[in-house]
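Undergrad: Just dropping this structure here.
Every read-out reported here was derived from the displayed coordinates using simple, explicitly stated rules and does not represent laboratory data. Quick caveat: nothing in here was measured; it's all calculated off a predicted structure. Reconstructed Cβ throughout: ideal geometry from the backbone, glycine too, with neighbour counts over all protein chains shown.
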Amino acid sequence: MILLTGFEPFGGQDFNASNSMAQQAARILNERGIQATAAELPCVFATAPAVLEGLLATWQPRVVVALGLAAGRRTLGLEKVAINHVDARIADNAGEQPIDLPVVAGGPDAYFSGLPLKAALQALRDPASEHGNVEAEISYSAGSFVCNQVFYSLMHHSHVVPGVRAGFIHVPWMDATDPGLGDHARAVATVARLALDGVPEPLLSAGTEY
Ligand code: PCA
């Protein structure tokens with residue numbers, strides 16, 4: 001079973017492309033005979049980790065790909081690092097703005113993604129792929145808002161429950177009618193399938209300047 005999650009709209013917006021992509025990616029995987037389900041997470045520090053925990057307990061997925069919106073990004077951000085730190089730039093959907101708190105008190109400073117990010121990058125950059133012109137890159141910061149909190153919580157869980165391959169992808173801003181939503185959903189489905197298949201990581205340079 002593959003679990004995909006997206007977020008509800010936040011920051012005064014009325015659409016969050018991450019949730020639409022999670023739903024579409026689950027449908028694409030289902031059409032290909034792969035069991036997958038999608039769920040929406042609240043953009044609320046106080047409840048998002050518990051909602052995620054509930055989904056993990058219900059579905060017991062082998063692969064989890066959590067998605068969130070990074071409005072300033074132009075590419076799919078395959079997130080490498082989740083940090084044990086919250087520093088909210090804006091208030092969440094419950095009006096809370098926690099500053100300089102850990103995600104999990106006493107937890108490790110950071111976790112690396114459990115998804116095969118380099119294999120995913122290679123597949124997404126293949127000109128013969130079915131994802132059209134979806135651009136992707138490895139990102140070395142998932143920020144310090146609710147997405148990073150959920151990413152860290154997910155990785156904390158997957159270190160407690162062995163055998164779960166999990167990680168996080170930030171998606172660029174799109175509105176509900178953007179024709180690129182489908183290509184991005186197919187790209188997300190590809191990443192999830194590569195994780196399910198347990199593909200090895202190629203040696204591929206994808207480092208960033210800063
Ligand atoms: N993006 C925010 C939280 C919810 C979302 O979709 C983030 O990047 O933290």
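Undergrad: Which value, in debye to the nearest 20, gives the size of the charge dipole of the chain about its Cα centre, when Lys and Arg are +1 and Asp and Glu are -1 at the Cβ?
TA: Computed about the Cα centre, the dipole is about 540 debye.
Undergrad: Further, regarding this structure: Determine, for each peptide in 95-108, 13-26, the mean count of other beta carbons within 10 angstrom over its residues, then list the peptides with the highest first.
TA: 13-26, 95-108
Undergrad: Within the chain, which DSSP H helices have Cα atoms that stretch 15 Å or more along the helix axis and a mean Kyte-Doolittle hydropathy of at least 0.0?
TA: Membrane-span-like by this criterion, though nothing is claimed about a membrane: 48-59, 146-160, 180-197.
Undergrad: I've got another one for you. What is the pair-distance distribution P(r) of segment 1-103, computed from all Cα-Cα distances in 10 Å bins starting at 0, with each bin given as a whole percent?
TA: Spelled out per bin, shortest first, that is 14, 42, 35, 8, 0.
Undergrad: Principal axis extents for segment 140-191, Cα atoms only, whole Å, descending order, please.
TA: Here the spans come out as 39, 25, 19 Å, largest first.
Undergrad: Next up: What shape does segment 86-210 take by its C-alpha gyration tensor, where a ≥ b ≥ c are the square roots of the eigenvalues and a/c under 1.5 counts as rounded, a/b above b/c as prolate, and the rest as oblate?
TA: Taking the square roots of the gyration eigenvalues as a ≥ b ≥ c, segment 86-210 is oblate.
Undergrad: Regarding the chain, what's the average projected area of the Cα-atom convex hull, expressed in nm²?
TA: Value for the chain: 11.2 nm².
Undergrad: Report, largest value first, the span of the C-alpha coordinates of segment 13-52 along each principal axis, in whole Å.
TA: Answer, in whole Å and largest first: 36, 24, 7 Å.
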